[in-house]
Amino acid sequence: MYIEKAQIVANLRSRGLDARADWVDTALPALVDTYRNAALLQTLGINPAGMSPAYATTGQE
């Protein structure tokens, strides 16, 4: 599953973690693969199940 980076940034900012939000904003792509980044999301205290999924397009439409 993918989630939008903006959701992660907003979650961190709402918890007053502005420095972490800034890092996420520069380090991660616009769509974050929750499987590949599971450990990072856990470290940041992000629960992907509570966020709206985003869907990546392949460009072959």
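Among all residue pairs at least 6 apart or on different chains, which show Cβ distances below 6 Å where the first residue, located in segment 1-20, is closer than 11 Å to PRO48 by Cα and the second is assigned to a helix (DSSP H, G or I)?
Here the result reads ILE3/PRO48; ILE8/VAL24, each pair linking segment 1-20 to a residue that is assigned to a helix (DSSP H, G or I).
Restricting segment 48-61 to residues that are closer than 22 Å to GLY16 by Cα and surrounded by 10 or more Cβ atoms within 10 Å (Cβ to Cβ), which is modelled with the lowest pLDDT?
If we take residues in segment 48-61 being closer than 22 Å to GLY16 by Cα and surrounded by 10 or more Cβ atoms within 10 Å (Cβ to Cβ), then MET51 is modelled with the lowest pLDDT.
Taking the conditions exactly as written (within 12 Å of the chain's Cα centre (by Cα), small (Gly, Ala, Ser) and modelled with pLDDT under 95), does ALA10 satisfy them or not?
For ALA10, the condition - within 12 Å of the chain's Cα centre (by Cα), small (Gly, Ala, Ser) and modelled with pLDDT under 95 - is not met.
Within the set of pairs 6+ apart or on separate chains, which have a first residue in segment 25-43 that is within 16 Å of ASN11 (Cβ to Cβ), a second that is surrounded by 14 or more Cβ atoms within 10 Å (Cβ to Cβ) and of a type in the set (D, E, K, R), and C-beta atoms under 9 Å apart?
Correct list of pairs: ASP25/LYS5; LEU28/LYS5; ALA30/GLU4; ALA30/LYS5; LEU31/GLU4; LEU31/LYS5; VAL32/GLU4; VAL32/LYS5.
The values are calculated or read from the model by the stated rules, or taken from the named source; none is laboratory data. Note that the structure is predicted; figures quoted are calculated from it, not measured. Cβ atoms come from the backbone with ideal geometry, glycine included; neighbour counts cover every protein chain shown.
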